[in-house]
């Protein structure tokens, strides 16, 4: 079973996400165990404060080193993590290949940033990988952690009813997925391509590959480079 731990200032933001769809089914099937940790529980301050003003001045607050270090030490004393991941705009861009790689892990730990980020000493001492889900800034790393966890969990064998489905997703072969159709075969004057109704597997496979290349050329030519 894979275990995913997520440290957050506002873990309630993610609770509903993991209680539905594939993540819930994978958890119920014993394929993954997801644990949300409230950083405030590790604060030694009177009002469970976890942030402080940045040295050198400037706007915003910073997640303090002490509560985060205490939380990390506690979790790391219980198990070994293949990766301790900090979600940050200046991290490695999250892509399908990385999701495939992380899906082979036994234990993963995500740190959700908040405010202006976390004390740099945490990044130096504990973090083994930094990930960004895009060139924009969120209010916190919770959404990014949910995105990464979802992409990873659906790759675990058994998480999806048809395991071949995940292997034919966009980006798995460096191309975008081809168009898909379902019943009815004719709708408001628009018909499903005849090849998909032919039952000829090799022709259907060739058509889908051609459509994948065409769609990638039209929408994401950078992937073909």
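Here residue 63 meets each of (1) at pLDDT 95 or above; (2) within 21 Å of the chain's Cα centre (by Cα); (3) within 24 Å of residue 147 (Cβ to Cβ) with one exception, condition (2).
Within this structure, residue 116 fails the test of being surrounded by fewer than 16 Cβ atoms within 10 Å (Cβ to Cβ), in contact (Cβ under 8 Å) with a residue 40 or more places away in the chain, under 30 Å from residue 40 (Cα atoms) and in contact with a helix residue (DSSP H, G or I) (Cβ under 9 Å, 6 or more places away or on another chain). Given the condition part of a loop (DSSP other than H, G, I, E, B) and at pLDDT 95 or above, answer yes or no: does some residue in region 85-98 qualify? Yes, region 85-98 contains at least one residue that is part of a loop (DSSP other than H, G, I, E, B) and at pLDDT 95 or above.
Residues in region 178-202 that are under 35 Å from the mean Cα position of the chain (by Cα) and either surrounded by fewer than 13 Cβ atoms within 10 Å (Cβ to Cβ) or part of a loop (DSSP other than H, G, I, E, B) (or both): 178, 179, 180, 181, 182, 183, 184, 192, 193, 201, 202.
Return yes when residue 134 is assigned to a loop (DSSP other than H, G, I, E, B) and either without any contact (Cβ under 8 Å) to a residue 60 or more places away in the chain or not assigned by TED's automatic domain parsing to the domain that holds residue 11 (or both) and no when it is not. Talk me through it step by step, then tell me what you get.
Details: assigned to a loop (DSSP other than H, G, I, E, B): yes; either without any contact (Cβ under 8 Å) to a residue 60 or more places away in the chain or not assigned by TED's automatic domain parsing to the domain that holds residue 11 (or both): yes.
When the stated conditions are applied, residue 134 passes them.
Within the span defined as region 145-152, one or more residues are under 23 Å from residue 51 (Cα atoms) and in contact (Cβ under 8 Å) with a residue 60 or more places away in the chain.
Does at least one position in region 64-71 carry a residue that is closer than 17 Å to residue 113 by Cβ, assigned by TED's automatic domain parsing to the domain that holds residue 85 and in a strand (DSSP E or B)?
Filtering region 64-71 for residues closer than 17 Å to residue 113 by Cβ gives 64-69, 71.
Now narrow it down to the ones that are assigned by TED's automatic domain parsing to the domain that holds residue 85: 64-69, 71.
Filter once more, keeping what is in a strand (DSSP E or B): none.
Taking every residue of region 64-71 in turn, none turns out to be closer than 17 Å to residue 113 by Cβ, assigned by TED's automatic domain parsing to the domain that holds residue 85 and in a strand (DSSP E or B).
Among the residues in region 166-177, are any over 28 Å from residue 33 (Cα atoms) and in a helix (DSSP H, G or I)? For region 166-177, residues over 28 Å from residue 33 (Cα atoms) and in a helix (DSSP H, G or I): absent. All of (1) crowded, with 16+ Cβ neighbours inside 10 Å; (2) in contact (Cβ under 8 Å) with a residue 60 or more places away in the chain; (3) outside any strand (DSSP E or B) hold for residue 54 with one exception: (1).
The values are calculated or read from the model by the stated rules, or taken from the named source; none is laboratory data. Because the structure is a prediction, the values reported are computed rather than measured. Cβ sites come from the backbone with ideal geometry, for glycine too, and all protein chains shown count toward neighbours.
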